[in-house]
Amino acid sequence: AMATSHNRKYIGVCERLTDGGGQVTIFNAASEKRVRTLTHPDCKFFTALAFSIDSKFLVTVGCAPEYTLVYWNWYQNKVVASGRVNTQVKRVSFSPLDNVQLATSGPGLLKLWRLQENTLKGFNMVSGKAAMQSFADHTWAPGERLLAATENGDVLVIEQGELRGTIKSRLSGETINTIACYSSGFIIAGSEARMSVYEKNDAKDRSEDRELYHHFKTFKTSDSLGEINSLSLSPGEENLAVFFSSNQVAIFPIASVDILKEEQNHFQFLGSGFHAGAVTAISVCVRKPLVATCGADRSVRIWNYLDKTCEVCKTFP
């Protein structure tokens, strides 16, 4: 796992070591130099992390079975508080309004945590059948609203720690892997390389029985690239980075979503695509800046290592 600080100056990476241990390394994004290395005796290795909104603090999640939550003053390499979650955590995040408030989500887990007197205290945000769902991801919307996506396609709207409503998405029945919030609403994505965009309903026009969000558009790539595993929005909300299970990364022009047609493919892939599996062989051209690779995905690619692009790709049956 990795995370970028909100001031865009630092990158945190969860690393596995050759001896089986793990650490979190903080890099300076501009110089690419290592700034801090964090380890914790209760965490053999780390599975998730997030920076606070002011970039001064960091929260990490340890491995099974304890899934220890650790709140760091990372620049001073100091542990402020820690606590055991005791169930899998897929996502951890800071509230954008309060550095002492965290959220975690995972299978049967949707919990709010608060730092009080150097202790992390957890509170369930949902109860009953809703709490038994498998939460794939969550994201913070403006204000104190949190959106939690379940693996079966529902989106729960939480405000001030209480369930406000449930949105049945157009991807119901499919596997949902990720959710991202933007100024007009939110985006969910998952299996079959499909991505749905939802927009907020105007408060003036919203009746008591009308949902907080409505479906706007659903997009799908023209190629079979597996599932969409992650989404990341650019700071100015011009583009959306989309990561696929086949190791492909694409850019989607989210700023132009109003004029985009659903039946067309709007995903532009970085570097003309990448191998979807292990690289099994490599050969370097003597006279030209070219490298040939072949992989377990049955493809051969010719790369230009000066401009870092894939010039030729051939996939064999």
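What does the charge count near N152 come to, summing +1 for each Lys or Arg and -1 for each Asp or Glu among other residues with Cβ under 11 Å from its Cβ?
Here the charged neighbours net out to -2.
Per residue, how much accessible surface does the chain expose to a 1.4 Å probe? Answer in Å², no decimals.
Ligands and nucleic acids excluded, the result is 52 Å² per residue.
Carbon and sulfur: what percent of region 215-310's accessible surface (1.4 Å probe)?
Looking at region 215-310 in its full context, I get 54 percent from C and S.
With point charges of +1 on the Cβ of Lys and Arg and -1 on the Cβ of Asp and Glu, referenced to the Cα centre of the chain, which listed residue (T119, S169, S95) lies farthest in the positive direction of the dipole?
T119
Roughly speaking, what % of Cα-Cα pairs in region 1-69 are separated by over 18 Å, rounded to a whole number?
34
Leaving ligands, DNA and RNA out of it, work out the accessible area of S230 with a 1.4 Å probe and give it in Å² to the nearest 10.
Accessible area, nearest 10 Å²: 50 Å².
Which length gain, in nm to one decimal place, applies between T39 and K217 when the Cα-Cα distance is subtracted from 0.36 nm times their residue separation?
That works out to 59.7 nm of additional length.
The values are calculated or read from the model by the stated rules, or taken from the named source; none is laboratory data. Note that this is a predicted model, so its numbers are computed, not measured. Note that each Cβ is placed from the backbone with ideal geometry, even for glycine, and that neighbours are counted across all protein chains shown. Please note that ligands, DNA and RNA were not included when accessible areas were found on the heavy atoms of the full protein model with its side chains. Shrake-Rupley method; radii C 1.70, N 1.55, O 1.52, S 1.80 Å.
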